[in-house]
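The values are calculated or read from the model by the stated rules, or taken from the named source; none is laboratory data. Just so we're clear, the structure is a prediction, and the values are computed from it rather than from any experiment. Using ideal geometry, Cβ is built from the backbone for each residue, glycine included, and neighbour counts are taken over all protein chains shown.
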Amino acid sequence: MPIFPSSFEWGCATAAFQIEGGGSEGGKLPSIWDTFCAQPGRIKDGSNGLIACDHFHRFREDVALMADLGLRHYRFSIAWTRVVDEQGRPNPAGLDFYRQLLGELHKRGITPNATLFHWDLPAHLPGGWLNRDTAHHFAEYTQIVARELGDLLPRVATLNEPWCSAFLGHDIGVFAPGVQDRPSSLLAAHHLMLAHGLGVQAWRSVRRDTQLGIVLNPELCDPASDAPVDVAAAHMAELERNDVFLNPLFNREWPAEMLKQMGPLAEQRLTSDAAICAQPLDFIGLNYYTRSIAQAPLDADEKRRGYRLVPPDPHRPDLTHIGWEIYPKGLDRVVRNLLAQWPLPPIWITENGAADNTPLVDAACNDALRLHYLQLHLAQLADMVTSGLDIRGYYVWSLLDNFEWAHGYSQRFGIVHVDYQTQQRTPKASARWLQQLISFPQT
Ligand code: IFM
């Protein structure tokens, strides 16, 4: 068993749209993911998040499961669409759901870590992240959460993986809202970071006793060969993935390459935005799953981006069921790369996990692939912590099998199996291993 300091925090992570369901209960409004799911062909299995894991009604059972597994920390997201109405006023019924959830966590000795935005943008906001006003609406929503729930929330992240909202949502178009336009994706990225900065200011205008941060999914991108064109492509991929989000946090300008790709839209970035984005933070959350391999761009879209990603050969044995390479060394490499470039605050690994679609057989799920993945990554993490890196905790993704965005329910990331017909929860072999690890004597 890998050994961690006794102060190390162990938790699991989820996100509202992926588990809650309760699609229109208590005045919940549609998000851009609801409208995206309703468009034919967007979601692999044609599913949606209206019921998901029915956590909205079963949260007590889910919190009991966490407690049983020895998880003392829980990262979840608050659905903006549940807690604020169309006029931007607090929605008491939605806020009450989170108050009850937080009460239950408190009762079980589990510390919450809430993310304010995990992609489920209210559908009624005109222009979404392409409209600067959305950043101001985010700050208003943040202030409502700070006022209404702030006393129950010791740690809060503004955004989860803004790269996905910006680039998967507005360049590749496989995520809501499904736009495919390179300059727009960069404008969305800018507005997301502006929302982050305005959100931190708004929260701190209400309370100053909350640890505030952001959750990013920086990536390690290796070139497919030593050829200079491939090396340059990998560099471009890392600029997009890392510098676009980390530079604003430290009041550094975007790389010239990214500003050039934005064209005339770059004028919508105001000089005064830089200081707003660079609010001092108490922590940074890093999500790590795999690495990428890049080569020189071939088609027009890739040339606009400056790189082409090469998916791993699907026959390789070291892939998870979603097709991502199992590369634990990357966790160490990516954290050290970031620390060499940016003065990061203390780090939490806010997501790490694997898609393993092993079915339930005789009421048991032997998810050996996930177990293997977690063992490798936690051994890697233990070495990193022992070597002195300031990493304070780990949240496995995810507590439950859940709605995996464009993959619908076809990919299972949970350490607990969910039967979507009966909503029965069954801890998998990986959950039992993690339970043992957490209870193992630590230094
Ligand atoms: O399910 C997602 C999560 O919402 C954000 N990070 C990556 C996970 C796995 O794809």
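Structure summary
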| read-out | value |
| --- | --- |
| Condition check for Gly49: more than 16 Å from the ligand (Cβ to nearest atom) and modelled with pLDDT of 95 or more | no |
| Residues being in a helix (DSSP H, G or I) and out of contact with any helix residue (DSSP H, G or I) (no Cβ under 8 Å at 6 or more places or on another chain) - total across segment 82-102 | 1 |
| Val179, sole failed condition from (1) surrounded by 20 or more Cβ atoms within 10 Å (Cβ to Cβ); (2) aliphatic (A, V, I, L, M); (3) under 30 Å from Pro126 (Cα atoms) | (1) |
| Residue ID - farthest from the ligand (Cβ to nearest atom), chosen from residues in segment 303-320 that are in contact with a helix residue (DSSP H, G or I) (Cβ under 7 Å, 6 or more places away or on another chain) and part of a loop (DSSP other than H, G, I, E, B) | Gly306 |
| Matching residues in segment 274-302 - criterion: being within 16 Å of the ligand (Cβ to nearest atom), farther than 23 Å from Thr115 by Cα and not in a loop (DSSP other than H, G, I, E, B) | Ser292 |
| Of all residues in segment 385-405 being assigned to a helix (DSSP H, G or I) and surrounded by 17 or more Cβ atoms within 10 Å (Cβ to Cβ), the one that is farthest from the ligand (Cβ to nearest atom) | Val385 |
| Residue ID - nearest to Pro5 (Cα to Cα), chosen from residues in segment 406-443 that are away from the ligand (no atom under 13 Å from the Cβ) and buried (at least 21 other Cβ atoms within 10 Å of the Cβ) | Leu434 |
| Any hit, segment 146-157, residues being under 23 Å from Asn217 (Cβ atoms) and either outside any strand (DSSP E or B) or β-branched (Val, Ile, Thr) (or both) | yes |
| Failed condition for Val334, given (1) assigned to a strand (DSSP E or B); (2) within 16 Å of the ligand (Cβ to nearest atom) | (1) |
| Flag if Ala355 is more than 16 Å from the ligand (Cβ to nearest atom) and either of a type in the set (Phe, Trp, Tyr) or in contact (Cβ under 8 Å) with a residue 24 or more places away in the chain (or both) | no |
| Leading residue by the ranking (farthest from Leu69 (Cα to Cα)) among those in segment 19-42 that are touching a His at 6+ places or on another chain (Cβ under 8 Å) and within 16 Å of the ligand (Cβ to nearest atom) | Gly21 |
| Some residue of segment 159-171 being free of Cβ contacts under 8 Å to residues at least 12 places away in the same chain, in a helix (DSSP H, G or I), over 20 Å from Gly27 (Cβ atoms) and among the acidic types (Asp, Glu) | no |
| Failed item in (1) closer than 25 Å to Val335 by Cα; (2) more than 16 Å from the ligand (Cβ to nearest atom); (3) in contact (Cβ under 8 Å) with a residue 60 or more places away in the chain, with Pro255 passing the rest | (3) |
| Selected residue (criterion: nearest to the ligand (Cβ to nearest atom)) from residues of segment 202-219 that are under 20 Å from Tyr288 (Cβ atoms) and at pLDDT 95 or above | Asn217 |
| Single condition Cys164 does not satisfy, out of (1) closer than 22 Å to Glu302 by Cβ; (2) hydrophobic (A, V, I, L, M, F, W, C); (3) away from the ligand (no atom under 16 Å from the Cβ) | (3) |
| Within segment 291-321, tally of residues that are without any contact (Cβ under 8 Å) to a residue 60 or more places away in the chain, touching an Asp or Glu at 6+ places or on another chain (Cβ under 8 Å) and surrounded by fewer than 21 Cβ atoms within 10 Å (Cβ to Cβ) | 4 |
| Ile347 vs. criteria touching a Pro at 6+ places or on another chain (Cβ under 8 Å) and either touching a residue at least 12 places away in the same chain (Cβ under 8 Å) or within 16 Å of the ligand (Cβ to nearest atom) (or both) | no |
| Breaking point among (1) in contact with a Ser or Thr (Cβ under 6 Å, 6 or more places away or on another chain); (2) of a type outside the set (Val, Ile, Thr); (3) away from the ligand (no atom under 16 Å from the Cβ), for Glu104 | (1) |
| Residue match in segment 332-355 (condition: out of contact with any strand residue (DSSP E or B) (no Cβ under 7 Å at 6 or more places or on another chain), within 22 Å of Leu65 (Cβ to Cβ) and either buried (at least 17 other Cβ atoms within 10 Å of the Cβ) or at pLDDT 95 or above (or both)) | yes |
